[in-house]
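The values are calculated or read from the model by the stated rules, or taken from the named source; none is laboratory data. Since the structure is predicted, the reported quantities are computational estimates derived from the model, not experimental observations. Here the Cβ positions follow ideal geometry from the backbone for every residue, glycine too, while neighbour counts run over all protein chains shown. Side chains included, ligands, DNA and RNA excluded: accessible areas come from the protein's heavy atoms. Shrake-Rupley method; radii C 1.70, N 1.55, O 1.52, S 1.80 Å.
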Amino acid sequence: MDRSRNCPGRWKQVEEMLVFLAESRGLLLWATGLIAVLAIAWSAAGKGHFAPYRGRILICLALLYLSFVFFFLSFGLEEIEAVGSSARTAPRLWSAGLALFTFDQLRRTLQGRAPKDPESGDIRRVLVAAIVVAFSLWGMDVVGYYISSGVMLLVLCVLLGEKRLFVILSLAGGWVLFSWVVFYRMLNLDLPLGLFF
């Protein structure tokens, strides 16, 4: 039996599934999957040794789930050879980086080397961080992506309590440099430059 005849039909089914998962109905399925994963993790981590780390474990699992979703959906993007780069590259880079750092954080948490979950959260700090991100998104149209994202990272580092100037500047500068190398040089993508550039 020649299996090569079945391949086009299977690829068609995979393509239809990717289209479905990329639409609004698929978003509902992805959201339901995330809720199920988090509910199972909440229940499993609720007792014993992992109970003090339950919040950290849930955040790590949610980020790993999102990285899987981004990677999976990247297969549905079309290849555009005239541009010189693939539309699949950026979401795969994001998902790989996100998964790598999240796996490291999850490993440290499961080994008990991460701080335990706080008793209560700081809602004011969360709201201020959301406002900073919103201003950064608005600022991209005015001052451009590079300046806006760099300033956002500077402010968020200070807001989150980082006091080491070298860490703050290297994080913001490193992100701007990484963005320029990956998006502008490697992928040939023009990010917003703002009104002044």
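Sort 35, 131 by heavy-atom solvent-accessible area, probe 1.4 angstrom, most to least. It would help to have the intermediate numbers written out before the result.
Values: 35 115, 131 95 Å².
These residues rank, largest area first, as 35, 131.
When Lys and Arg each count +1 and Asp and Glu each count -1, what net charge do the other residues less than 15 Å away from residue 160, Cβ to Cβ, add up to? Intermediate values should be presented prior to the final figure.
Details: positive: 124, 125, 163, 164; negative: 122, 162.
Spelling it out: positives minus negatives among the neighbours equals +2.
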Given a 1.4 Å probe and heavy atoms of the protein chains only, how would you sort 88, 10, largest accessible area at the top?
10, 88
In deg cm²/dmol, rounded to the nearest 500, the helical mean residue ellipticity at 222 nm of the chain, built from -39500 (n - 2.57) for every DSSP H run of length 4 or more, is -23000 deg cm²/dmol
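Run the numbers on the chain and let me know its relative contact order in percent, using alpha-carbon pairs under 8 Å that are six or more apart. Before the final figure, lay out the partial values.
Values: 164 pairs, mean separation 34.8, N = 197.
Rounded, it is 18 percent for the chain.
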For region 113-174, the Rg and Dmax computed from alpha carbons only, in angstrom:
13.5, 42
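Using only Cα atoms, figure out Rg for region 64-197 and give it as a multiple of 2.2 N^0.38 Å. Show your work: numbers first, answer last.
On the way: Rg = 17.4 Å, N = 134, 2.2 N^0.38 = 14.1 Å.
So region 64-197 has a normalised radius of gyration of 1.23.
Given a 1.4 Å probe and every protein chain left where it sits, what share in percent of the accessible area of the chain is carbon and sulfur?
Working: 9740 of 13880 Å².
Roughly 70 percent, rounded to a whole number.
Can you tally the net charge around residue 104? Count Lys and Arg as +1, Asp and Glu as -1, for every other residue whose Cβ sits under 13 Å from the Cβ of residue 104.
Working: positive: 56, 107, 108, 113; negative: none.
In short, +4.
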Candidate lysines for bridging to residue 47, where Cα separation is under 18 Å - those fewer than 8 sequence places away on the same chain excluded:
116
